[in-house]
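So the structure is just underneath, and the comments pick up after that.
The values are calculated or read from the model by the stated rules, or taken from the named source; none is laboratory data. Keep in mind that this is a model prediction, so the values were computed, not measured. Counting neighbours? That spans all protein chains shown, and the Cβs are built from the backbone with ideal geometry, glycine included.
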Amino acid sequence: MDRAYSLLEIKSVAPAGRRFSGIASTPELDRQGDSFDPAGATFRDSLPLLFHHDTKQPIGRVTLTRTAAGIAFDATLPELDEPGPFKARVDEAWQSIKAGVITGVSIGYRVLDGGLERLASGVRRITKSEICELSLVTIPANASASILTVKSLDQERPVMTISENITALDQKRAALIAQVADVMAAKGANGDTLDADTAATLDGIKAQLAAVDQTVTHWRDVEKLQMSSARTVTSPYQHVSVTPTLPKGTSFIRYVCATMAAKQAGVEPATWAAARWNDTSPEVVLALKAAVAPGTATDATWAGPLVQPNISKDFIELLRAATIVDKIPGLYSVPFNTKIPQQTAGGTYNWVGEVKPKPVTALTFASVTLDWAKVAGIIVLTQELIKLSSPKAEEVVRREMVASIARFIDAQFTDPAVAAVAGVNPASITNGAPTAAATANPLADILGLISHFSTNNIPVDGLTFIMSPANAMALSFKTYSDGSPQFPGIAINGGTWKGLSFIVSNTVTTKVIALQPSLILYADDGGVTIDASSEATLQMDSAPDSPVVATTVLASMFQMNCVALRAERFINWKKVNANAVKYLTAAAWPAPTGVVMQDESA
């Protein structure tokens, strides 16, 4: 059975009898991308009212009426004195409506023969259908609709605002016009004249229309008078907003985990997140809900999603703080798939005497293009952990996702064994780069690396060094005979020295890499895509077989009660000069006597 979602617009409510009515207006383009035509819908006099489309959880009965504005409904929830599951379910539904938590309705329908058209745009247009049930559901609603619902439910005799009165009268006017059309189609078809009773009926409807139009005019006059006399009210109170103080990246992790856990639980992700965390930011809840589509003046159907909040921003910031490539200052940032001019040969110059000809020179240029490329990794977590039963587990997921992606990117960026594969990955910056063996004298080693760049006419200004935390710590302990530090400004987390940048990473192990960032092109889309699956079958190996062979051992996420999170980031880099990088091998600079050093990469 198909579904068509719409906003729940409360017209009236009778608290004593648990009755409420309204308009279940179906959008022309629903959440499944189908165009549902209310005029072609058929339905019985009385239909079941369900809770979240669960046929095993009926909560009442509903009567539908076709109007020009859409499908109107009149629903009733029973009042029960005898305790039991049914009473608890009905009470929960009624309380959800009164509290404004349930703000949407959804019709369950089946398509009749000949009632499905496929448009060129790919949209399915449903022209003939049978509505089988109406359900109360939790879907996004605009702010004004929520406020109107709360106000009407809080009062036994609702007091409607001017705007509400005008809207109700407009709906009544549309229903009267539809009634006139129905009468004429039934009694005045084929050129037949109207009998006296039919004519009297039409006159009565026209009189009601005139009364409605006159009342609308009066309400609009009142609205204009109130607007002309309106004045700005200055509040003595200061607006206070409360923002959850969650660690960076937590909102994104909660979004990913709620999406996966809710799928397994069979509930809406926003509902699952709200029940799990009482300090979740509104941005997470909004991102988990389906976005409300706005109408446009040029589009006959509904437009695309309005806005999706960028909750991954904090996660991206964490990732950028963890990876080598994001720490290096001065990389030559370029867009993907764009030709970048590169000068490959300089001009010819010479001393010129008076009235002597000047040498003519020509510059040589080539172009470099960075194609799309992406790095990816899969993180396997247990379903127990993905449900995040405690802040500690939440931190484990956040830390593991950041660390795993960072390790993968760092290794691809610095490992000399990573060669370029066309259409797959770039070469590491050290692949094919000149190298030398380190000595026991770190100052001599660093000066030797600097000399490499000056010898090859490459500016040394802005040079960046990448090394392990252990080697950086060893530099911080180096002193001259008078006790002054040889490398002030460098610590276990790197730093600066003599205008040079030092970055640390365990992935470089005993290598010390020196590079000129301005000679390394770098393209990045600035985001990370996270996909999740509990049904995938994986080879639990950091270097999986491709293609799979007979000896490949595969593990089922479903069988192991695990969830695989796949992280992807579009990124690429390329050296534009063969001498833009040089690195040392086997660098294990000794610490001063009495200082015990331990390389964290071991």
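Looking for whichever is part of a strand (DSSP E or B) and either at positive phi or loosely packed, with under 15 Cβ neighbours inside 10 Å (or both) here; the options are Glu133, Glu117. Which one fits?
Matching residue, one of Glu133, Glu117: Glu117.
How about the stretch 422-440: which of its residues are assigned to a loop (DSSP other than H, G, I, E, B) and within 30 Å of Phe336 (Cβ to Cβ)?
We begin by selecting, within the stretch 422-440, every residue assigned to a loop (DSSP other than H, G, I, E, B); these are 422-424, 426-434, 438-440.
Correct list: Ala422, Gly423, Val424, Pro426, Ala427, Ser428, Ile429, Thr430, Asn431, Gly432, Ala433, Pro434.
Could you tell me how many of the residues in the stretch 462-488 are without any contact (Cβ under 8 Å) to a residue 60 or more places away in the chain and within 40 Å of the chain's Cα centre (by Cα)? Let's see the steps before the verdict.
Of all residues in the stretch 462-488, those without any contact (Cβ under 8 Å) to a residue 60 or more places away in the chain come to 463, 465, 472, 476, 480-488.
Narrowing the set further to residues that are within 40 Å of the chain's Cα centre (by Cα) leaves 463, 465, 472.
Adding up the residues that qualify gives 3.
May I ask you to say which residue of Gly483, Gly462 is closer than 25 Å to Lys574 by Cβ and assigned to a loop (DSSP other than H, G, I, E, B)?
Gly462
Out of all the residues in the stretch 415-452, which are within 30 Å of Arg566 (Cα to Cα), surrounded by fewer than 16 Cβ atoms within 10 Å (Cβ to Cβ) and at pLDDT 90 or above?
Answer for the stretch 415-452, where residues must be within 30 Å of Arg566 (Cα to Cα), surrounded by fewer than 16 Cβ atoms within 10 Å (Cβ to Cβ) and at pLDDT 90 or above: Ala417, Ala419.
Kindly indicate the residue of the stretch 556-575 that is surrounded by 15 or more Cβ atoms within 10 Å (Cβ to Cβ) and modelled with pLDDT of 85 or more and also farthest from the chain's Cα centre (by Cα) among those meeting that condition.
Going through the qualifying residues, I end up with Lys575.
What number of residues in the stretch 50-91 are surrounded by 14 or more Cβ atoms within 10 Å (Cβ to Cβ) and among the charged types (D, E, K, R)?
6
Considering every residue within the stretch 75-89, establish whether at least one is assigned by TED's automatic domain parsing to the domain that holds Thr167 and either at pLDDT below 80 or in contact with a Ser or Thr (Cβ under 8 Å, 6 or more places away or on another chain) (or both).
yes
Pick from the stretch 47-94 the residues that are more than 30 Å from Gln179 (Cβ to Cβ), of a type in the set (Gly, Ala, Ser) and not in a loop (DSSP other than H, G, I, E, B): which of them is farthest from the chain's Cα centre (by Cα)?
Ala88
Can you say whether Glu535 is assigned to a strand (DSSP E or B) and surrounded by fewer than 17 Cβ atoms within 10 Å (Cβ to Cβ), as far as the supplied structure shows?
Working: assigned to a strand (DSSP E or B): no; surrounded by fewer than 17 Cβ atoms within 10 Å (Cβ to Cβ): yes.
No, not satisfied.
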